[in-house]
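All of the numbers you see were taken from the coordinates with simple rules; none came from a lab. Everything quoted here is computed from the prediction, not taken from an experiment. Cβ placement follows ideal geometry from the backbone for every residue including glycine, while neighbour counts extend to all protein chains displayed.
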Amino acid sequence: MKHVLVALLILTAFVSGAFWLLSDDRLHPNIQAFITLTHPSGDSRAFTYLLGLQAPQGQHPEIAGETLLTQVRKYENTVTLTSTDTSTHEIYTGDTLSLPEQSRHCSFSETHCLRELFETPSPTQSPSPEEQVLLERWHQFIQLDDYQVLTQPGLSEYVPPYLYLTAANRISMVNSIRQANAGDSLLARQQLLANIAALRYLLAAEGHLIGKMVAAKMMSDQIDVLNALQQRFELPPAPPILPLTVPEKSLRLPLARELTMITNLYQEMDSEPELFDPDLPIPPWLARLLFKPAISTNAMLPIYEYVITGSEIDPVDFISHVQPHNMPVIKTNWIRNPVGTILNRVALPDLHVYAIDMQDLDVKIGLFNAFNQSPSHSTQSVLNTFTNPYYPDGSPMKASIESHRICVPGPAKRNELRCLHGFFNDTSGSPN
């Protein structure tokens, strides 16, 4: 009898151990909440318009976008969300609007870029046909106020034609410069301020991480042109630009989408015989023994929440937030989830750089306001009274001063979103 009891205990322990090794955890409620954020609440004329922004002249972007969205949804229903099939990029096979010449698309970080932009568009020079089409589409797009991403998050999802949006943004700025050169500098300023207001809305509504960074860069460029316009034409102070709101800065929507993609990927890898090699399948039970989707996803949650929090707090709090001792680490589970532990270590991108971008844009707004409110003061005198939002008690480093830009210190060595570009003609041309 004693031997039977011992055998039963050993069998029970073995079964319990096997069950424990093969079982997965429940998906964390916060991850479920993130997945819910990726579900569109209705239609979006703005998103379909953006999808059709590349349609050739003569076609309405919204109609072209609706047709494209239908094709995208058919594609989504025929492949897994984790498919790496690149045919998604070939969904749009029709003609496209020719992009204008790239000569006006120089980077503002280049010393002569802004100066050339202000000198090239003469008052009598009209936009090219392609530029005029994109300019009209830009004005139409920024008037739409129902933007939300309508496609499903996946590795091979169709990405909106952001290249055309950035080209339209640049053309709108060049057009404002043309208006100013023609004598309507205040009207040009009004249009730039309207563009900035529209881009603030896009920042808050954008669910694509790529789109969020594109919107931040476009808004940064608009602020640069506004600052250059103020300096070039010696305009009275413009209305101050308000600091970014939490929804505008937040990476919650984009990172919810990124984490949902990972969740979908890991779920489809669950008990997958081809976990390692399609030509060398393994038993499903062995795949489950080595890899647990929920444990893997849950382990990444603290990283995503940390980055989201970093994007939503004030710049001064962000400095302490990104100190190494405050950064979370990915939880490991070598016994129950060895493959997931390895995947998490090699697959997680450096997400905190995106939070830095959002904080830097907020700091740039403060820098613009400082120069805007003191148009007659020298560059150095403005910087002497400027309080860097990252270091309100005094910056450990001085600003970098050049003839075409001012860059203030922050958590990264150099980030263009933290630089204000314009015409700082009273500088020595070398960093201070």
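Data overview
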read-out: √(5λ) per eigenvalue of the Cα gyration tensor, the chain, largest first, Å; value: 48, 29, 16
read-out: Cα-centre dipole for segment 45-251 with unit charges at Cβ (Lys and Arg positive, Asp and Glu negative), debye to 20; value: 380 debye
read-out: Among 219, 329, 122 - extreme Cα towards positive end, dipole of the chain, charges at beta-carbon; value: 329
read-out: Segment 177-263 - Rg and Dmax from Cα coordinates, angstrom; value: 15.9, 55
read-out: Magnitude of the charge dipole, segment 253-350, Cβ model with Lys/Arg +1 and Asp/Glu -1, debye to 20; value: 380 debye
read-out: Stokes-Einstein D (µm²/s) once Rh is taken as the Kirkwood radius of segment 213-282 over alpha-carbon pairs, at 25 °C in 0.890 mPa s; value: 146 µm²/s
read-out: For 107, 395, 250, order by how many other beta-carbon atoms lie within 10 Å, fewest first; value: 107, 395, 250
read-out: Fewest-first ranking of 166, 48, using other Cβ atoms within 10 Å as the exposure measure; value: 166, 48
read-out: Lysines with Cα under 23 Å of residue 364, excluding same-chain neighbours fewer than 8 positions away; value: 212, 217, 249, 398, 413
read-out: In degrees, nearest ten, helix 338-347 long axis to first principal axis of the chain (Cα); value: 10 degrees
read-out: Selection from 366, 386, 309 lying farthest towards where the dipole of segment 285-432 points positive, charges on Cβ; value: 309
read-out: Stokes-Einstein D for segment 294-432, Kirkwood Rh over Cα pairs, 10 °C, 1.306 mPa s (µm²/s); value: 93 µm²/s
read-out: For the chain, calculated [θ]222 nm from helices alone, where every DSSP H run of n ≥ 4 adds -39500 (n - 2.57); value: -17500 deg cm²/dmol
read-out: Only Lys, Arg (+1) and Asp, Glu (-1) charged, at Cβ; segment 176-247 dipole about Cα centre in debye; value: 80 debye
read-out: Order of 386, 371, 291 - criterion: other Cβ atoms within 10 Å of each residue's Cβ, fewest first; value: 386, 371, 291
